[in-house]
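Trainee: I have a structure here, written as structure tokens, and I will follow up with some questions on it.
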Amino acid sequence: MRNERAEHSAFRPERVVLASSARALDLYQRDGFLFLDSLFASDEVETLRGAIASTLEGRSERTVLEVDPAMVRSVYGIHEHEPRFAALARHPRLIAAARQLLDGEVYVYQSKLNCKAVFGGDLWPWHQDFVFWQKEDGMPAPRALTAAVFLDDVTETNGPIALIPGSHTEGVLVHDTYGGPQPGYGSAPAWIANLTAKLKYTIEKDTFVRLATTNGIVTASGGAGSVLLFDCNTAHASSVNLSPYPRTLALFTYNRVDNAPAAERIHRPSFLVSRNTEPIVPVADDVLRPTLRLPA
Ligand SMILES: O=C(O)CCC(=O)C(=O)O
């Protein structure tokens with residue numbers, strides 16, 4: 001018997017250009033994610049790509065390496081340390097989408113550059129994001145989403161994000177908790193288990209098999225400048241980078257202002273959980289155009 005949902009998995013996510021359209025909202029509510037094709041133009045992408053090398057260069061507590069320490073896995077807090085990423089985090093095209101999909105004012109909860117280095121950038125196992133933010137930081141409700149801005153072309157072989165459509169509708173899924181040591185990370189703080197290929201909370205295998213069998217799996221590939229928005233309860237993962245092409249994503253998690261965790265519940269550093277919960281004031285739409293100066 002043919003399975004309609006599984007057939008869906010043969011296709012990429014449906015693509016729309018405007019996050020504010022009624023069609024976009026319907027897709028997001030149905031699937032738990034939305035793919036915005038070429039939201040940023042090539043000159044805007046070039047501005048952003050100009051910020052990658054310096055962000056990766058320095059090593060600080062915000063840098064997470066792969067088990068192979070020659071490769072950077074992620075750099076956190078990019079919207080607070082790099083003017084071009086600060087502008088992107090407040091870009092009206094992202095803020096309009098986040099406000100529309102979350103139905104309220106938003107702030108940046110977390111930001112990061114995820115590198116997926118050539119020939120080996122490591123995987124992200126199947127997980128949901130909300131369970132981390134609920135358990136680790138006390139986020140009250142699943143009213144957050146992540147915008148992944150493609151700074152490289154994302155293909156089927158350089159580690160695209162894979163998602164299970166409709167998985168967000170089941171809330172927090174049955175999950176496994178890994179509390180053991182993080183191989184390769186020595187004496188790193190406990191929160192490293194939220195950021196590595198050996199994640200603390202992963203979707204339990206039978207639950208994953210049931211969902212993947214009934215709903216299918218889609219991968220979000222597309223050109224640089226495209227944006228994937230996904231709900232904090234959408235099951236997602238990514239594989240290793242098998243290719244000689246980098247896959248760099250700038251990810252911004254937007255949380256609804258009225259869903260900020262209580263300050264006394266937050267113990268992770270501010271580069272993992274932003275303390276500034278004021279509603280974002282968007283910048284000008286052309287802020288990333290090369291001829292313009294970025295705001296201080
Ligand atoms: O960058 C990726 O491939 C996945 C990132 C991810 O799963 C996450 O940030 O929760």
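Trainee: Taking the Cα atoms of the range 115-188, report the difference between the largest and smallest coordinate on each principal axis, in whole Å and largest first.
Mentor: For the range 115-188, the Cα spread along each principal axis is 37, 35, 19 Å.
Trainee: Continuing with the same structure: What dipole magnitude, in Debye to the nearest 20, does the chain give about its Cα centre under +1 on Lys/Arg Cβ and -1 on Asp/Glu Cβ?
Mentor: 180 debye
Trainee: Let me ask another. If each of D206 and R268 carries a label point 7 Å out from its Cα toward its Cβ, how far apart are those two points in nm?
Mentor: 2.9 nm
Trainee: Based only on Cα atoms, what Rg/Rh ratio does the range 231-282 have, Rh being taken as Kirkwood's radius?
Mentor: My calculation of the ratio gives 1.07.
Trainee: Sticking with this one: In Å², and per residue, what accessible area does the chain have when probed at 1.4 Å with the other protein chains present?
Mentor: That works out to 43 Å² for each residue.
Trainee: Quote the accessible area belonging to W133 in square angstrom, nearest 10, computed with a 1.4 Å probe and with ligands, DNA and RNA left uncounted.
Mentor: 10 Å²
Trainee: Roll a 1.4 angstrom probe over the protein heavy atoms and tell me the percent of accessible area of the chain that is carbon or sulfur.
Mentor: The nonpolar share, carbon plus sulfur, comes to 55 percent.
Trainee: How many percent of the alpha carbon pairs in the chain exceed a separation of 31 Å?
Mentor: I get 22 percent for the Cα pairs in the chain exceeding 31 Å.
Trainee: Oh, and also: How long are the semi-axes of the ellipsoid equivalent to the range 183-296, from square roots of 5 times the Cα gyration tensor eigenvalues, in whole Å, largest first?
Mentor: Working through the eigenvalues yields semi-axes of 29, 24, 18 Å.
Trainee: Considering only protein heavy atoms, what is the solvent-accessible area of F271 at a probe of 1.4 Å, reported in Å² to the nearest 10?
Mentor: Accessible surface of F271 is approximately 20 Å².
Trainee: Which residues does the label zone of A96 cover in the range 204-233, counting backbone N under 17 Å from a point 7 Å along Cα→Cβ?
Mentor: 226-229
Trainee: Which whole-Hz ³J(HN,Hα) couplings does the range 138-152 yield from phi under the Karplus relation 6.51 cos²θ - 1.76 cosθ + 1.60, θ = phi - 60°, glycine and proline marked x?
Mentor: Per-residue couplings from phi come out as x, 4, x, 9, x, 10, 9, 9, 10, 9, 9, 9, 7, 9, 10 Hz.
Trainee: Here's a follow-up. Per 0.36 nm of contour for each residue apart, how much would the distance between E156 and L56 grow if the chain were fully extended, relative to their Cα-Cα spacing?
Mentor: Answer, rounded to one decimal: 33.6 nm.
Trainee: Residue separation times 0.36 nm, minus the C-alpha to C-alpha distance between D285 and R30: what's the value?
Mentor: 88.9 nm
Trainee: For A188 and S21, calculate 0.36 nm times their separation in residues minus their Cα-Cα distance, and state this gained length in nm to one decimal.
Mentor: So the extension gain works out to 55.7 nm.
Trainee: With an 8 Å cut-off on Cα pairs and a minimum separation of 6 or more residues, tell me the relative contact order of the chain in percent.
Mentor: So the answer I get is 34 percent.
Trainee: Specify the inter-centroid distance of the range 131-162 and the range 71-129, based on alpha-carbon positions, in whole Å.
Mentor: With the range 131-162 and the range 71-129 each reduced to a Cα centre, they are spaced 8 Å.
Trainee: May I pose another question? Taking +1 at the Cβ of each Lys and Arg and -1 at the Cβ of each Asp and Glu, which of G120, F85, Y109 sits farthest along the dipole of the range 85-124 towards its positive end, judged by Cα position relative to the Cα centre?
Mentor: F85
Trainee: Along the Cα-to-C-beta direction of Y245, a point sits 7 Å from the Cα; which residues of the range 26-68 have their amide N less than 15 Å from that point?
Mentor: 38
The values are calculated or read from the model by the stated rules, or taken from the named source; none is laboratory data. Not measured: the values here are computed from a predicted model. FYI the Cβ positions are ideal-geometry reconstructions off the backbone, even for glycines, and counts take in every protein chain you see. Just so you know, the surface numbers come from the protein's heavy atoms only, side chains and all, with ligands and any DNA or RNA stripped out. Shrake-Rupley method; radii C 1.70, N 1.55, O 1.52, S 1.80 Å.
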